[in-house]
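Just below is one structure, and these are the notes that go with it.
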Amino acid sequence: MLIKLPRDFFGADQSSQQASKRRRFNLLRNFSIVSLCGFSLAIGLLSMVYRRQAVSDLITSTEESNITLTKVFANAIWPEYGPFLSNTQELSDDVLATDSRILQLNDEMANQLADSPVAKVKVFDLQGRTVFSTDTAQIGDDKSESSGFLSAMSRQVVSQLGHRDTFKAVQGNLSDRHLLSSYIPIQSVTTDQEIVGVF
């Protein structure tokens, strides 16, 4: 017995197979594209997390170094200059800025800081007045409301990270820099560790 089949019977079967192959190819291609996008996103997120962690670690290590350096400078200059810097209330800002002891301390600091990453050194009295700065124009500035000064007065050692477009440093004018400032209470060794200033 013979059955007459439609002319396109085998052609239709072949075209459905080809369509099926195209669908599988499209599915594979789409899966590959989605996988690539997901992989790229994962790498991007991991890079951001790694960068953030690396920056955080850098800030932490720099902060520790900065605090240690600040303590070293404070311990080095306070025995000689501390009694004067603690008792400048009677001096006007202009007289204080031109006092021979301030000029001598400024020269010593400039020599010590010449090859260091330290940009500026400042000392505040108990009222928050700037009694020393390597930028003598800042002597007399009132920092009594500064969060760093207030924290140091409550016996905390704190650091603050900030960005400056321009900054007058010991090494000259700096531009577009992130700066880490550390505030350390200076404690007297003779009067039960009473705070005598902020460095």
Worksheet, complete the sentence: Matching residues in region 131-174 (basic (K, R) and farther than 24 Å from D94 by Cα) number 2
Worksheet item: Restricting attention to region 37-84, which residues are small (G, A, S) and under 16 Å from the mean Cα position of the chain (by Cα)?
Response: A54, S56, S61, S65
Worksheet item: Out of F149, F132, which single residue is crowded, with 17+ Cβ neighbours inside 10 Å and within 17 Å of G82 (Cα to Cα)?
Response: F132
Worksheet item: Can you pull out the residues in region 66-75 that are loosely packed, with under 13 Cβ neighbours inside 10 Å and either in contact with a helix residue (DSSP H, G or I) (Cβ under 6 Å, 6 or more places away or on another chain) or over 19 Å from S188 (Cβ atoms) (or both)?
Response: T68
Item to complete: Could you please tell me which pairs satisfy a Cβ distance under 6 Å, a separation of 6+ or placement on different chains, a first residue in region 124-148 that is over 17 Å from Q160 (Cα atoms) and free of Cβ contacts under 8 Å to residues at least 60 places away in the same chain, and a second residue that is open to solvent by less than 20 Å² (accessible area, probe 1.4 Å) and part of a loop (DSSP other than H, G, I, E, B)?
Response: T130/I139; S133/I139; T134/V121; D142/G128
Worksheet item: So which pairs qualify, if the first residue must be in region 153-165 and assigned to a helix (DSSP H, G or I), the second must be hydrophobic (A, V, I, L, M, F, W, C), the Cβ gap must be under 8 Å, and the two must be at least 6 apart or on different chains?
Response: M153/L126; M153/I195; M153/V198
Discussion item. Going residue by residue through region 177-186, is there one that turns out to be out of contact with any strand residue (DSSP E or B) (no Cβ under 6 Å at 6 or more places or on another chain), open to solvent by 40 Å² or more (accessible area, probe 1.4 Å) and not aromatic (F, W, Y)?
Written reply: no
Discussion item. If I go through region 76-94 residue by residue, how many of them are surrounded by 12 or more Cβ atoms within 10 Å (Cβ to Cβ), part of a helix (DSSP H, G or I) and not charged (D, E, K, R)?
Written reply: 7
Practice prompt. Answer yes if at least one residue in region 155-173 is among the aliphatic types (A, V, I, L, M), surrounded by 15 or more Cβ atoms within 10 Å (Cβ to Cβ) and touching a Gly at 6+ places or on another chain (Cβ under 8 Å), and no otherwise.
Written response: yes
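Identify, please: which residue in region 95-120 is assigned to a loop (DSSP other than H, G, I, E, B) and at pLDDT 90 or above and is, among those, most open to solvent (accessible area, probe 1.4 Å)?
Result: T98.
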Worksheet item: Taking region 89-134 as the region of interest, how many residues are basic (K, R) and more than 18 Å from A169 (Cα to Cα)?
Response: 2
Worksheet item: Is at least one residue of region 54-64 within 25 Å of Q187 (Cβ to Cβ), at pLDDT below 80 and outside any helix (DSSP H, G or I)?
Response: no
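The values are calculated or read from the model by the stated rules, or taken from the named source; none is laboratory data. From a predicted model like this one, the values you see are computed outputs, not experimental measurements. All Cβ positions, even for glycine, are placed from backbone atoms using ideal geometry, and neighbour counts span all protein chains on display. Surface accessibility is based on the protein's heavy atoms, side chains included, excluding ligands, DNA and RNA. Shrake-Rupley method; radii C 1.70, N 1.55, O 1.52, S 1.80 Å.
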